[in-house]
Amino acid sequence: MKKKYWQSFGERNDSEGFQQSTQHEFREELPLEGLDGKGLLDAKTPRRDFLKYLGFSTAAATLAASCEIPVKKVISYVNKPEEIAPGVANYYASTYISGGDAVSIVAKVRDGRPIKIEGNELSSITRGGTSARVQASVLDLYDTARLRFPVQMLNGVPEEVSTFEAFDKLVATAMSELGGAPLVLLTSTITSPTTRQLIGEFLAKNPGSKHIQYDADSYSGLLLANEASYGKKAIPSYHFERAKVIVSLGADFLGTWLSHIEYARQYAQGRKIDEKNPEMSKHYQFESMLSLTGANADDRYTHRPSEAGAVAVALLAELGGSVTAPSLSPKLKEGISKAAKDLLANKGNALVVSGSNNPHVQVIVNAINEAIGANGATIDWSAPLQTRQGIDADLVSLVSDMEGGKVGGLLLYGVNPVYTYPDADKFKAALGKLKLSVSFNDRLDETSELCKYVIPAPHFLESWGDAEPKAGYFSMMQPTIAPLFKTRPFEDSVLKWSGSSSTY
């Protein structure tokens, strides 16, 4: 199938405004009548003619690229809010929430509009750090692709539902027609303790219903391996600042892996030399593709993607584990042997992490960390990380139940499985069989446009809330601007449909 690409939503939808903007791109004919009738190279003064042509082309391109700026009138406040001084920014502490990630931030607000996001230096987790996603998230607030009101999808076309009351009535009617079939809430990882409580109350009011968490960037293998090794389906806190030797098996812990903002700050501590820290930490990286973490390693070794498990087994064998070392290239063996010697020489001050989502590989990594005394030193189980809790098998089971008619309705929040799920076609077909499907996503993404109802949730900069990225570590969320569109928090909808008269 031939792929199509568009430069804007206007071009994609072929709107009337886009058609008008593409007509008469050059507003006047180029004044080239002064040029010779001959070609530029054959003219008597080709250099002069060329400069004329270049000058006219530049002017025309400038005109073509320019746009008419609408006239905006400045009107002074009749009753100026005390907290607003024109041109003077205010700063609000809040929390960035997206796809399970939770980062404490400070939002810069000028004239009532958020314009910049920075990390909150008072956070004991990120210590003022952010990522490219956090920095760019303010742009989502003003994204013209956001859904501006609740809609009902009729034959694939969104039809506005005038009020929230009317929307609630439509959903209530659809729920009453399920005939006792269970509802399923499919969300990204929920770090908010308040939201988790509300979901629990909703499920209690709807017997047989359940909540499934799905992470597009899954760490299911790590969770299942920890359950098998330690009886805890959780992810511990890693302390790279305590490690004198770090071995990463494909984990880009400086760029994308788990709590990478936190890990980058920790890693930097061990890489700075001063009177208190006269030696840098040693960093080995084994990976298939160059990553930000690999680019910062002292020793980097490459291998095939299919050899990720073999490298972990070989490292465990070098550390004295009761496993047989597989066959690997001489250079890779040399690197593994060198890393193993440094790990053994720094027992209790070393750490091994893996980016594999294979639970068997992660079980081997757990055995490696046991052998080098990492647990209780560089690995801390007292404050588990809570930003990734999804188990892949749960979604596979859900799709199977949807296909078998065992699910009456599906409520989706913060997920887009039609786009991110590996077997998207199967999920898409199963979704079409449901009597009720409601999306709380803020735009008509690939999944939302296939649901029967869509009620957009507000942007995190428009919301109240809380988050617990690590057990015992809380971060609060407050709005920095009034909602730009007719949106309603997911929690409010859950309360309404639970029969509660209160609001979130």
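The table for this structure:
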item: 5 angstrom amide H check on Thr95, placed H, neighbours 5+ away; result: Ile105, Gln478
item: Segment 287-356: relative contact order in percent, alpha carbon pairs under 8 Å with at least 6 residues between; result: 24 percent
item: Lysines whose Cα lies under 21 Å from that of Lys338, excluding same-chain neighbours fewer than 8 positions away; result: Lys244, Lys282, Lys347
item: Residue-averaged [θ]222 nm for the chain, counting only DSSP H segments that reach four residues, each worth -39500 (n - 2.57); result: -10000 deg cm²/dmol
item: Built amide H within the under 5 Å cut-off of Ile235, gap 5+; result: Leu385
item: Segments 73-84, 274-285 sorted - mean Cβ within 10 Å per residue, highest first; result: 274-285, 73-84
item: Projected label distance in nm at Lys205 and Ser400, using a 7 Å step from Cα toward the beta-carbon; result: 3.2 nm
item: Calculated FRET value between Ile115 and Val74, using beta carbons and R₀ = 22 Å, to 0.05; result: 0.75
item: Apportionment of accessible area to carbon and sulfur, the chain, percent (1.4 Å); result: 53 percent
item: Potential lengthening between Ala393 and Lys4 on full extension [0.36 nm per residue; Cα-Cα distance subtracted]; result: 136.7 nm
item: Asn375-Gln19 pseudo-label distance in nm [points 7 Å out on the Cα-to-Cβ vector]; result: 6.8 nm
item: Segment 196-225: trypsin sites (Lys or Arg not before Pro) falling in loop per DSSP and having at most 11 other Cβ within 10 Å; result: none
item: Cα gyration tensor category, rounded, prolate or oblate, for segment 376-501 with a/c compared to 1.5; result: oblate
item: Stretch gain in nm, segment Asp425-Arg304, where the contour uses 0.36 nm per residue and the Cα spacing is subtracted; result: 40.6 nm
item: Correct choice for Cα extents along the principal axes in Å that was computed from the model, options (1) 76, 60, 39; (2) 80, 63, 46; (3) 84, 77, 57; result: (3)
item: Label-to-label distance, nm, for residues given as Ala93 and Arg12 (7 Å Cα→Cβ offset); result: 3.8 nm
item: Burial order of peptide ranges 346-355, 324-333, 431-440, 469-478 (average beta-carbon count within 10 Å, highest first); result: 346-355, 431-440, 469-478, 324-333
item: Accessible area per residue, Å², segment 335-419 with all protein chains present, probe 1.4 Å; result: 36 Å²
item: Net lengthening on full extension, Met476/Ser322 (0.36 nm per residue, minus Cα-Cα); result: 50.7 nm
item: Heavy-atom surface of segment 84-239, accessible at 1.4 Å and reported per residue (Å²); result: 46 Å²
item: From phi via Karplus (6.51, -1.76, 1.60), per-residue ³J(HN,Hα) for segment 348-363 in Hz, x at Gly/Pro; result: x, 10, 9, 8, 10, 10, 9, x, 5, 9, 8, x, 5, 5, 5, 5
item: Karplus-derived HN-Hα couplings along segment 370-375 (A = 6.51, B = -1.76, C = 1.60, θ = phi - 60°), whole Hz, x at Gly and Pro; result: 5, 5, 9, x, 6, 5
item: Accessible area expressed per residue, segment 424-480, with surrounding protein chains retained (probe 1.4 Å, Å²); result: 38 Å²
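The values are calculated or read from the model by the stated rules, or taken from the named source; none is laboratory data. Because the structure is a prediction, the values reported are computed rather than measured. Glycine gets a Cβ as well: all are built from the backbone with ideal geometry, and neighbour counts include every protein chain shown. What goes into the accessible areas is simple: the full protein's heavy atoms, side chains included, and nothing from ligands, DNA or RNA. Shrake-Rupley method; radii C 1.70, N 1.55, O 1.52, S 1.80 Å.
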